[in-house]
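Heads up: the structure comes next, in structure tokens.
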Amino acid sequence: MDVRILNTPEQIAVAAGEIFVRLVKENPKAKLGLATGASPVKMYQYLISQYENGYLDFSEVASYNLDEYCDLPRADKNSYYTFMHENLFSQINIKEEHVHLPNGNAADMDAECRRYDRLLADIGGVDVQLLGIGTNGHIGFNEPADAFTEGTYKVKLTDSTIRSNSIYFDEGKMPHYAVTMGVGTIMTAKKIVLIATGESKADAMRAMIRGEVTPHCPASILQTHPDAVIFMDKAAASKL
Ligand code: PGA
């Protein structure tokens, strides 16, 4: 793991963003694994600024998101489809047909999970996968468990994740299920970039970096990835 501790979320946004900028410059057809949540928002703003400056072209880039809520209309303000369009896609020139998210409303969820895995297998894994991390060490919606997950699957969210994310939803409206790339899928990425800021992530950072590799802290698997870059601010690093 390449651990980089920076002073501010703004510095992290630029440093992590530069990895994506370089990749797209080198390979205009780059396959980007993207993430939702608060952690990547500033980095997306940096990518948008590079696009607006005329420095970056996303017209051939393809994106693959980590996860999506189940039983939430795609047009809902809290769907990850909407999140990605509001925070990134509507502000750059990525083509809609190059945008991929798992469908949390599929009638046949098993078939949907296999479709998503095939899509990722066909490209040989994304070139870079962006990750946030839950306070419980989850990546994507892979919650602490007795075994590491493999391919894309439908997951019942833990109380901790429901508590963290319900701030975005009206009372009682937070979905309890999601569809997510499995840990095995995430590990097929050629490179991984994880962003963690704030003291609430400090325990997860310690478990991920200093702890043993265990499915009880799903992010700890990144210790075994050949090219994982971890960006954190001083608050997130305070318990290392
Ligand atoms: P956050 O979520 O970026 O909103 O903190 C990260 C996560 O739960 O994976």
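The values are calculated or read from the model by the stated rules, or taken from the named source; none is laboratory data. All values reported here derive from a predicted model rather than from experimental measurement. In this analysis, Cβ positions are derived from the backbone assuming ideal geometry, glycine residues included, and neighbour counts consider all displayed protein chains. Ligands, DNA and RNA are stripped out before the accessible areas are found, and what is left, the full protein with its side chains, is counted by its heavy atoms. Shrake-Rupley method; radii C 1.70, N 1.55, O 1.52, S 1.80 Å.
If a/c stays under 1.5 just call it rounded; otherwise compare a/b with b/c (prolate if a/b is bigger, oblate if not). Do that for region 46-125, with a ≥ b ≥ c from the square roots of the Cα gyration tensor eigenvalues. Each step should come with its number before you reach the end.
On the way: a/c = 3.22, a/b = 1.51, b/c = 2.14.
Oblate, since a/c reaches 1.5 and b/c is not below a/b.
What's the extension gain from A235 to E86 if we count 0.36 nm per residue and subtract their Cα-Cα distance? Intermediate results must be reported in sequence, preceding the final value.
On the way: separation 149, 0.36 × 149 = 53.64 nm, distance 2.80 nm.
Here the segment from A235 to E86 would lengthen by 50.8 nm.
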Lys/Arg +1, Asp/Glu -1 at C-beta; region 78-235 dipole; positive extreme among M232, T82, P144: M232
Amide H contacts of V3 (H built 1.01 Å from N, under 5 Å, at least 5 apart or other chain): I230
Inter-part distance where region 30-83 and region 176-234 are each reduced to a Cα centre, Å: 19
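Using a/c under 1.5 as the rounded threshold, could you call the chain rounded, prolate or oblate? The axes a ≥ b ≥ c are square roots of the C-alpha gyration tensor eigenvalues, and prolate needs a/b larger than b/c, oblate otherwise.
Working: a/c = 1.31, a/b = 1.03, b/c = 1.27.
Note, shape of the chain comes out rounded.
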Relative contact order computed over region 51-177 (Cα-Cα under 8 Å; 6+ residues apart), in percent: 25
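At a 1.4 Å probe radius, carbon and sulfur cover how many percent of the accessible area of the chain? Can you show the working numbers first?
Numbers: 5250 of 10680 Å².
Percent of accessible area from carbon and sulfur atoms in the chain: 49.
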Neighbourhood charge, 12 Å Cβ-Cβ cut-off, centred on K95 and excluding it, Lys, Arg +1 and Asp, Glu -1: -3
Cβ-derived FRET efficiency at R0 25 Å, T224 paired with V14, nearest 0.05: 0.35
Cα→Cβ-extended label distance, 7 Å offset, between D2 and A107, nm: 4.7
DSSP-assigned coil residues among trypsin sites (Lys or Arg not before Pro) in region 1-66, each with at most 16 further Cβ atoms within 10 Å: K29
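Once you order the gyration tensor axes a ≥ b ≥ c over the Cα atoms, which shape class does region 141-240 get: rounded for a/c under 1.5, otherwise prolate or oblate by comparing a/b with b/c?
Working: a/c = 1.88, a/b = 1.20, b/c = 1.57.
Oblate, since a/c reaches 1.5 and b/c is not below a/b.
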Estimated dipole of region 165-240 in Debye, rounded to 20 [Cβ of Lys and Arg +1, of Asp and Glu -1, Cα centre]: 240
Relative contact order (percent, whole number), region 101-168, Cα cutoff 8 Å, 6+ residue spacing: 29
Long-range HN-HN contacts of G140 with modeled amide H, under 5 Å: G132
Computed label-point distance, nm, for sites S160 and H176 using a 7 Å Cα→Cβ extension: 2.0
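If you roll a 1.4 Å probe over the heavy atoms of the protein chains, what accessible area per residue do you get for the chain, in Å²?
With the other protein chains kept in place, the chain gives 45 Å² per residue.
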Full-stretch length increase - R22, V213 - with 0.36 nm per residue and alpha-carbon distance subtracted: 65.7 nm
Sites excluded, GluC sites (Glu not before Pro) in DSSP loops with at most 16 other C-beta within 10 Å, longest stretch of the chain: 61-149
Selection from Q45, L23, A13 lying farthest towards where the dipole of region 1-56 points positive, charges on Cβ: L23
